[in-house]
Amino acid sequence: MNQELSTAQAPVAYQFRPIGVVRSPRTVPQHDHWGDVSAVIELDPEQLEPDAVAGLDQFSHLEVVFHFHLVPESDTVRGSCPPRGRGDLPALGILAQRLKERPNRLGVSRCELAGVDGLTLHVRGLDALDGTPVLDVKPYQQIFQPAPETVREPTWLRAAMSAYYF
């Protein structure tokens, strides 16, 4: 069923209010070595009640949705480019990679939850910079992931990303 969405039906814009902010020692974008980075997510008490994190400490990892706030809209990519700016890799469409210069500048990251202290989440391996607005936090749950044997990736990806968390 292929229905075209008319301009009148298509949403023009969405507004999101961050629920928190990242506090990290990293202030400048870097491609690699995120695994040992310890940071905190300070959740906003004006957006969330204290019991919003009840039970979160039962999970080892989080999925964090955030805004690449330092990327100007004028720098977004709407077509293709080489991943990580590497000319030795094939150009890919922006939707086939995880580049920060995405059309809506939204990031999704999985990180380890090291602790919960009220509305402060202590995390490791969150690839977001200090001051990054957090739009949502979800517990990572394997049940929602595809079976590993069904996942397909380009052969060069593992080598290109080998230092990302290490």
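Some notes on this structure:
- Complete set of residues in the stretch 28-58 that are at pLDDT 95 or above and within 18 Å of the chain's Cα centre (by Cα): SER38, ALA39, VAL40, ILE41, GLU42, LEU43
- Per-region count, the stretch 91-109, residues in contact with a strand residue (DSSP E or B) (Cβ under 9 Å, 6 or more places away or on another chain) and either of a type outside the set (A, V, I, L, M, F, W, C) or under 26 Å from GLN47 (Cβ atoms) (or both): 11
- Evaluating GLN9 against the criteria (1) open to solvent by 40 Å² or more (accessible area, probe 1.4 Å); (2) in contact (Cβ under 8 Å) with a residue 24 or more places away in the chain leaves one unmet condition, (2).
- Residues of the stretch 116-166 that are among the acidic types (Asp, Glu) and farther than 21 Å from ALA52 by Cα: ASP127, ASP130, GLU149, GLU153.
- In the stretch 127-166, the residues that are within 20 Å of the chain's Cα centre (by Cα), assigned to a loop (DSSP other than H, G, I, E, B) and surrounded by fewer than 15 Cβ atoms within 10 Å (Cβ to Cβ): ASP130, GLY131, GLN141, GLN145, PRO146, VAL151, GLU153, SER162, ALA163, PHE166
- Residue check, GLU42 open to solvent by 40 Å² or more (accessible area, probe 1.4 Å) and in contact with a Lys or Arg (Cβ under 9 Å, 6 or more places away or on another chain): yes
- The stretch 41-62 residues that are without any contact (Cβ under 8 Å) to a residue 40 or more places away in the chain, paired with ones that are of a type outside the set (Gly, Ala, Ser) (beta carbon under 7 Å, 6 or more apart): GLN47/ARG17; GLN47/ILE19
- Members of the stretch 110-163 found to be among the polar types (S, T, N, Q) and over 11 Å from ILE41 (Cβ atoms), listed by number: GLN141, GLN142, GLN145, THR150, THR155, SER162
- Count of the stretch 91-126 residues which are open to solvent by 50 Å² or more (accessible area, probe 1.4 Å) and within 18 Å of ARG17 (Cα to Cα): 3
- When ILE94 is tested against (1) in contact (Cβ under 8 Å) with a residue 60 or more places away in the chain; (2) of a type in the set (Val, Ile, Thr); (3) touching a Gly at 6+ places or on another chain (Cβ under 9 Å), only condition (1) is not met.
- Within the stretch 64-89, residues that are in contact (Cβ under 8 Å) with a residue 60 or more places away in the chain sit with their Cβ atoms under 8 Å from residues that are part of a helix (DSSP H, G or I), at 6+ positions apart or across chains, in these pairs: PRO83/ALA160; ARG84/ALA160; ARG86/ALA160; LEU89/PRO83; LEU89/ALA160.
The values are calculated or read from the model by the stated rules, or taken from the named source; none is laboratory data. Since the structure is predicted, the reported quantities are computational estimates derived from the model, not experimental observations. Please note: Cβ atoms are built from the backbone with ideal geometry, for glycine as well, and neighbour counts cover all protein chains shown. We work out accessible area using only protein heavy atoms, side chains counted, and drop any ligands, DNA or RNA first. Shrake-Rupley method; radii C 1.70, N 1.55, O 1.52, S 1.80 Å.
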